[in-house]
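Enquirer: Quick one: structure below, then a few questions.
We did not get these values from a lab; they are worked out from the coordinates using the rules stated. Please read these numbers as outputs of a predicted model, since none were measured by experiment. Counting neighbours? That spans all protein chains shown, and the Cβs are built from the backbone with ideal geometry, glycine included.
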Amino acid sequence: MNIKRKYLYAIPAVLVLLIGFEMLSRVLLSPNLVEIEGSPPYLLQTTWHQIGDYAAFVEHDTDAGCWATAIAQIAHFHKLNPSGKINYTTTAGKQIVVELDDFSFDHAQFADHLDAHSGDAAKEQVGKYIYYIAALIYTNFGSSGYIEHETMMERIETHLNCDVGFYEYTKATWLGSQPEIRALIQREMDARRPMMMYFDNGDDFGHAAVIDSYVLQNGQFFVHLN
C-alpha cells in the first residue's frame, strides 16, 4: 500500500451556481459578444470530453459524465492519482467495484486532447483516469446523476488525497453574491487552483465545467470555461 501524503495545495473542486436555466437560456439565445483583448493564460491545457475515447473504460455506459470530466482535468492539473477501493451499486442494480491502485498512472503520458492521432498509451491513461474519477464520485452509470451526494466531497479528499472547498449560491442570492463570487474566483485562479463550476435549474438540467482563468476588461469580469 502506498503511503499517502497531504498536498500543500487545496482543490476547490466544486463551485455550485444554481443560477436558473432561464437566465442561462437568455444568454445563449441573445449572446452579448465581447472581444477580449489579448489571450488570457488558461491554467488547464487539457480539453477533455465525456464520451468517445474518454469514456472507453466506463462500465454500463458510454458517457463518463461532466462532473468526472471536470474533476479529472483539475486532478490531472495537480498530478493527483486515485487510490483505495470503490464499491457501490447504481440505481439500475449494477455493481461498480474498482481497485484504484491497480493501474499506474503516468501524467507525462496523458494527452491534452484525444483524437485519431493519439497513441494507445495516452488513450488508456486518460480513459482510465476519467473512469476512476467517475467511479470514486459514484457516477450512476446507465442512468443519470450521482449516488450519495452527501459523501462525495469526503470521497474526493480521501481517494485523491487533497482538500476540497465547496461553495453554493442559489438563484435568489446570485445577484447579491456577485462580488463575493468574483473575489473567490480571483483568489483561486491567482493561487493556480482551477475550479469546477456546476449550474442547474433545480429540476432537469445541469452541466459542469472548469473555470481556469479570468480577465478584467473595462470594468467587466470574464471567466474562461473549459
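Enquirer: What distance in nm separates the simple spin-label points at ARG182 and ASP112, each placed 7 Å from Cα in the Cβ direction?
Expert: If labels sit at ARG182 and ASP112, their model points lie 3.1 nm apart.
Enquirer: So which aspartates and glutamates can LYS128 reach, going by Cα to Cα under 20 Å and dropping same-chain residues fewer than 8 places off?
Expert: Answer for LYS128, where 20 Å is the Cα cut-off: ASP53, GLU59, ASP61, ASP63, GLU99, ASP101, ASP102, ASP106, ASP112, ASP115, ASP120, GLU157, listed by chain and number.
Enquirer: Could you work out how much longer the chain between HIS49 and GLU35 gets when fully extended? Use 0.36 nm per residue separation minus the Cα distance between them, nm to one decimal.
Expert: 2.5 nm
Enquirer: Right, another one. What is the local net charge at TYR129, summed over the other residues whose Cβ is closer than 14 Å to its Cβ (Lys, Arg +1; Asp, Glu -1)? If you can, show how the numbers build up before the last one.
Expert: Values: positive: LYS79, LYS123, LYS128; negative: ASP53, ASP101, ASP102, ASP106, ASP112, GLU124.
Residues near TYR129 contribute -3 overall.
Enquirer: Okay, moving on. If one computes the Cα centroid of segment 64-102 and of segment 187-211, what distance in Å separates the two points?
Expert: 18 Å
Enquirer: A further question follows. Determine, from the Cβ-Cβ distance of GLU157 and VAL215 and an R0 of 35 Å, the FRET efficiency 1/(1 + (r/R0)^6), rounded to the nearest 0.05.
Expert: Using R0 = 35 Å, I get an efficiency of 0.70.
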